[in-house]
Amino acid sequence: MIVDIRNQRAVNPPVHPKISAGGYRYLFMFERHAPGVWRYYGLTGLRGKGAAAVTWFRNSYVNRAVAVFRYIAGVPMEREPPAVR
């Protein structure tokens, strides 16, 4: 299963460059490896001038990907600490 999410409107966060419509993208891929075993791949991307924001929010992206994985794997969110602080 592949889930592709993109922003429909421009994002203009304070202090950071504007991210145009379609410039922010999440791509999640789930692959069945064996009965009861799934593989998860996640990519996040930014295009244009807003791409520099990736380095500013790197920990946030890591924690978001780990949260999605834990949710799908059935790991209670309150049981594990954030992946990056």
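Does any residue of the range 11-30 turn out to be loosely packed, with under 13 Cβ neighbours inside 10 Å and either at pLDDT 85 or above or part of a strand (DSSP E or B) (or both)? Can you show your working first?
Here is the first cut: in the range 11-30, the residues loosely packed, with under 13 Cβ neighbours inside 10 Å are 12-15, 18, 21.
When the remaining residues are screened for being either at pLDDT 85 or above or part of a strand (DSSP E or B) (or both), the result is none.
No, that holds for no residue.
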Completion exercise
Within the range 36-62, restricting to residues that are modelled with pLDDT of 75 or more and aromatic (F, W, Y), the one that is farthest from R25 (Cα to Cα) is W38
Handout entry: Conditions (1) among the polar types (S, T, N, Q); (2) within 16 Å of the chain's Cα centre (by Cα); (3) part of a loop (DSSP other than H, G, I, E, B): number failed by T44
Key = (3)
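The values are calculated or read from the model by the stated rules, or taken from the named source; none is laboratory data. Quick caveat: nothing in here was measured; it's all calculated off a predicted structure. Every residue, glycine among them, receives a Cβ derived from its backbone with ideal geometry; neighbour counts consider all protein chains shown.
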